Amino acid sequence: MTVEEDLSRFIPPPPGEDMTIWRYLDFTKFVALLDSKALFFARVSTLDDPFEGSFPPAQSVKERLMGAFPLGSLPDNVSIEVESGVEDIWRIMRYWAMVNCWHASTHESAAMWRLYAPTTAAVAIRSTVRRLRSAIGSAPAPPAGFGGSDRVHIGMIEYLDFATQRIPDGSFAAQFFRKRRSFEHERELRALVLQFPRAADDPRRVDYARRPTDTGLSIPADLSQLVEQVLVAPQAPGWYAELVARVAVKYGLQVVPTQSELDAKPLY
């Protein structure tokens with residue numbers, strides 16, 4: 001049984017291992033991928049959407065704590081007092097959760113080209129869930145004094161109506177696989193690594209005061225497993241497409257980049 005199946009209540013699994021996924025990159029990030037042979041997992045706290053990792057307003061801290069207990073394990077009249085500072089733990093986890101994001105679609109997306117690679121100097125990498133999982137395997141083990149694990153959790157983002165829906169209680173992973181419905185167009189598949197500092201005086205607790213000194217984690221990736229196809233931006237000039245192809249050869253990429261045909265001349 002896979003990790004995603006074990007945590008399927010918290011991490012919505014992809015519909016299939018052969019589902020096609022895309023990552024849109026500008027040229028510098030593409031070269032960085034080839035040069036490092038690693039995928040960069042950005043800390044959630046550095047992402048553009050300030051609601052990343054947040055909860056619906058009606059889902060109180062006390063409800064989240066009570067929901068973490070197995071159904072029926074608490075008496076009906078139980079009263080839980082929230083210790084000062086506990087309410088900060090979900091916000092603090094945004095600093096320690098690291099994600100690598102992909103667009104799930106059978107075809108390339110004109111909207112994703114505009115959103116994530118707005119210039120003509122861009123490429124799109126096509127892969128599958130199976131290829132992604134095989135390419136990255138595990139993350140580096142947590143450093144000394146850290147909790148979490150080396151597991152890379154892969155799942156689909158679930159888009160919620162924050163006015164009426166809830167995020168499942170019981171796992172820190174859940175909050176990082178939910179976003180507001182206004183982002184449904186992203187059709188995002190996400191890989192997550194969660195490693196957080198433990199308090200020196202009590203290893204069972206999170207160190208609330210500590211903050212990371214970097215923006216994320218690079219995880220080695222087997223590009224021969226990961227990359228199924230590379231497309232050059234549809235409006236890119238011919239010389240740029242040729243440059244991308246030469247760079248790919250220089251770094252030993254086994255896939256020859258080709259130009260997107262989204263802007264091919266229409267036939268009337």
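Summarising the amide proton neighbourhood of Leu39: residues at separation of 5 or more, or on other chains, whose placed amide H is nearer than 5 Å comprise Ile219, Ala221. Modelled label positions at His107 and Arg166, each set 7 Å beyond Cα in the direction of Cβ, lie 4.0 nm from each other. Exposure proxy shown here: for Arg246, Arg180, Arg133, Arg64, the number of other Cβ atoms within 10 Å sets the order, fewest to most, as Arg246, Arg180, Arg133, Arg64. Between Ala144 and Ser182, the distance separating the two model label sites (each 7 Å from Cα on the Cα→Cβ line) works out to 4.6 nm.
Taking other C-beta atoms within 10 Å as the exposure proxy, Lys250, Lys179 rank Lys250, Lys179 from fewest upward. Evaluating 6.51 cos²θ - 1.76 cosθ + 1.60 at θ = phi - 60° for every residue in the stretch 114-130, the Karplus couplings come out as 5, 6, 10, 9, x, 9, 6, 7, 8, 9, 10, 9, 9, 8, 9, 4, 4 Hz, glycine and proline recorded as x.
Residues with amide H under 5 Å of Gly148's amide H, sequence separation 5 or more or different chain, H placed in the peptide plane at 1.01 Å from N; which? Answer set, sorted by chain and number: Phe196. Ordering Ser149, Ser45 by the number of other Cβ atoms within 10 Å of each residue's own Cβ, fewest first, gives Ser149, Ser45.
Using the Cβ-Cβ distance between Thr213 and Arg91 with R0 set to 22 Å, the FRET efficiency from 1/(1 + (r/R0)^6) comes to roughly 0.70. The calculated 222 nm mean residue ellipticity attributable to helices in the chain amounts to -6000 deg cm²/dmol, summing -39500 (n - 2.57) over DSSP H runs of n ≥ 4 and dividing by all residues.
Taking label positions 7 Å along the Cα-Cβ direction at both Trp239 and Ala58, the computed distance is 5.9 nm, reported to one decimal.
Values quoted throughout were computed directly from the atomic coordinates according to the rules given, and no laboratory measurement underlies them. Owing to the predicted nature of the structure, the values given are computational and were not obtained by experimental measurement. Counting neighbours? That spans all protein chains shown, and the Cβs are built from the backbone with ideal geometry, glycine included.
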